[in-house]
Amino acid sequence: MKFINIRELSRSPSKYVKLANEKDDIVITRNGHPYALLLKIDDDELEDFILAKHFDLENDFETAKQEHLSGKTTNIHDMINNIENR
């Protein structure tokens, strides 16, 4: 893991993106304190990150699924027909 300040990152962003992609997670500091993290991530890891960071999103998906299964949702075609028939 490498630590750099935000000024270093602004001088050579591609250098640090390449470094993070190839081998090192990078902690970006601001005024001597951790500010951001630059790390390599693939599609699966991104999905896991989003679900972990935004746990309520996963709950929303589950609620939507349950509403669909119990018939509490409206078919898109019915919705379009209702709008067109107004």
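Values in this text are rule-based calculations from the coordinates and carry no lab data. If you're wondering where the values come from, they're calculated on a predicted model, not measured in any experiment. Every residue, glycine as well, gets a Cβ built from its backbone with ideal geometry; the counts of neighbours run over all protein chains shown.
Would you call residue 25 exposed (fewer than 11 other Cβ atoms within 10 Å of the Cβ), within 21 Å of the chain's Cα centre (by Cα) and not hydrophobic (A, V, I, L, M, F, W, C)?
no
Which residues, taken from the range 4-22, are surrounded by 12 or more Cβ atoms within 10 Å (Cβ to Cβ) and not basic (Lys, Arg)?
4, 5, 6, 8, 9, 12, 16, 17, 19, 20, 21
Hey, can you tell me all the residues within the range 2-31 that are out of contact with any helix residue (DSSP H, G or I) (no Cβ under 8 Å at 6 or more places or on another chain) and in contact (Cβ under 8 Å) with a residue 24 or more places away in the chain?
Listed by number, the residues that qualify are 3, 5, 6, 25, 27.
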